Ligand code: FES
Ligand code: MG
């Protein structure tokens, strides 16, 4: 692209009062004039925050991106956006994904940037930044922060997935609080995001399979020097992308989304993938539906033996060849000619990567499981859909009819679950309402409800659980999620009662409430919409505009994009 036509020259290339103002305040940072005379200005969109421990190394990581940008002849400017710390934000980081995406979108558009590097790590920081960047559509590359090193506890390898196991063991009286204190100190022991194929790693794999990062981005551990090298190379690459005007809309085609769905199936990725990919597609104007997740993942075998579906950790995936070794195995399934950030097709990028450990990455003809991916369920309990991840579920529960034990909300669940008089056994179906996008609000990761102690005491570790909420990407079990319409919208899910029979048949893609139409109609007529918790602020805006889970839970008015042009100056 010609220097004079660069977007940033709409600021720094001006004469008169406007140009003076735009340049003068930039120069006060110690920037010489020649840096502003037509070089690609590269924004480094940073989610560093001490409130997002998974991204706490991002100031250092940004320095390596800057080296690459400078080396390639661009000029880097780092800026912060709202950062979402999965483990600390109340009531759930998901409530703020769309808000952070608005911050990202407006921060990119309003500023003199020609290209953007997104520094993403903890779960929601990836989709929020990608969604926002899509609505502007500049040349954009993602650099993920990388997973933590595998945790250690009493000589064994542990990570985020063990939280659920530890807490069930503590509730069953098999682990003391003292032991939990020791475990928490070794669980997270380095820079980086969760070390299993949870949502953060799933998101890093998503951007790599969409073609939005350099090959290998997903699995390099945060403390590994290769992560810094990748950041440097990505800084160089974004300058080339600006020169070639390679924008998100050139990369994010319908086929790229289909690739991401297939790769997610092969890695046993998080159920949260569904809601985030739908939201990203919505920003790009790509017509992607919930059914596509089932359609494109149903014939993909499970190739990664990673927790929570399998045994190993992200560090092991990296040593085995990383995501490129998996993408290469999928070459007969994928759209290999989808273009990626480096201007090369995804097939070409990954064709030389080898698999170094078949315990971690299976050969395509000898997979860990013939089936994988996300199954989309339909039925009168979830008229517009619900999802389940079979690779994390128990085979014996995949076809089951049982009596519903209904919790109207999370407080009722917490109050009742430990009650020895609760009429529940391992054949019951636990149902949790009002944890959907509008109902909670924000759709928290509570869908993998802990089991009642009297069931745990029998040594049973899984039961069917159904909710309109989400599950942590590190969670597992026969857990039906994202039931929509959610309870707060007043569909059949809102009126299911304790004692009703529920039939789950994963193979047939069915989830039904075995209650007559007349009875359901009667219950729905008597149903009252729950009161909204507040009429002010972002939460009120969110409840009014958030879409249902089957559409990606974006705000309705954020669909699509507004491009990168801003015609008015500020003075
Ligand atoms: Fe940040 Fe798991 S809590 S990635
Ligand atoms: Mg999470």
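Read the figures in this text as sums done on the coordinates, not as results from a lab. Please read all numbers here as calculations on a predicted model, not as lab measurements. With ideal geometry, Cβ positions are generated from the backbone for all residues, glycine too; neighbour counts draw on all protein chains shown.
Counting neighbouring beta carbons within 10 Å and listing from fewest to most, the residues 542, 319, 312 come out as 319, 542, 312.
Straightening the chain between residue 422 and residue 51 buys 129.7 nm, computed as 0.36 nm per residue apart minus the Cα-Cα spacing. For residue 383 and residue 229, a Förster radius of 30 Å and the Cβ-Cβ distance give a FRET efficiency of 0.05, rounded to the nearest 0.05. Counting beta carbons within 10 Å around each of 527, 164 and listing the fewest first gives the order 527, 164. Potential lengthening of the chain between residue 34 and residue 154 amounts to 37.4 nm, from the contour at 0.36 nm per residue minus the alpha-carbon distance.
The modelled label-to-label distance for the pair residue 370/residue 71, using points 7 Å beyond Cα in the direction of Cβ, is 4.8 nm.
A Förster radius of 30 Å combined with the Cβ-Cβ distance from residue 527 to residue 287 puts the calculated FRET efficiency at roughly 0.40. Which distance in Å, rounded to a whole number, links the C-alpha centroids of the stretch 459-515 and the stretch 536-556? One Cα centre to the other: 22 Å. Between residue 319 and residue 352, the simple spin-label model (points 7 angstrom out along Cα→Cβ) gives 2.5 nm.
Peptides 144-152, 118-126, 399-407 ranked from most to least packed, by the mean per-residue count of other Cβ atoms within 10 Å: 118-126, 144-152, 399-407. Annotation: average projected area of the stretch 375-530 is 8.5 square nanometres, based on the convex hull of Cα atoms across all directions. Averaging Cα coordinates gives a centre for the stretch 140-205 and one for the stretch 1-78; these two points are 36 Å apart. Dividing the C-alpha radius of gyration of the stretch 282-404 by 2.2 N^0.38 Å, with N its residue count, gives 1.24. Of 117, 239, the sequence from fewest to most neighbouring Cβ atoms within 10 angstrom is 239, 117. The helix-based estimate of mean residue ellipticity at 222 nm for the chain, built from -39,500 (n - 2.57) per DSSP H run of four or more residues and divided by its residue count, is -10000 deg cm²/dmol to the nearest 500. For the chain, the calculated P(r) over all alpha carbon pairs, in 10 Å bins from 0 to the bin holding the longest distance, is 4, 18, 28, 26, 15, 7, 2, 0 percent. Counting only alpha carbon atoms, the long axis of helix 225-243 and the longest principal axis of the chain meet at about 60°. Fully extending the segment from residue 332 to residue 409 would add 23.2 nm, taking 0.36 nm per residue of separation and subtracting the current Cα-Cα distance.
The label point for residue 457 and the one for residue 519, both projected 7 Å from the Cα toward the Cβ, are 3.1 nm apart. The order of the peptides 249-257, 463-471 by mean Cβ neighbours within 10 Å, most packed first, is 463-471, 249-257. Here the average projected area of the convex hull drawn through the C-alpha atoms of the stretch 208-250 stands at 3.1 nm².
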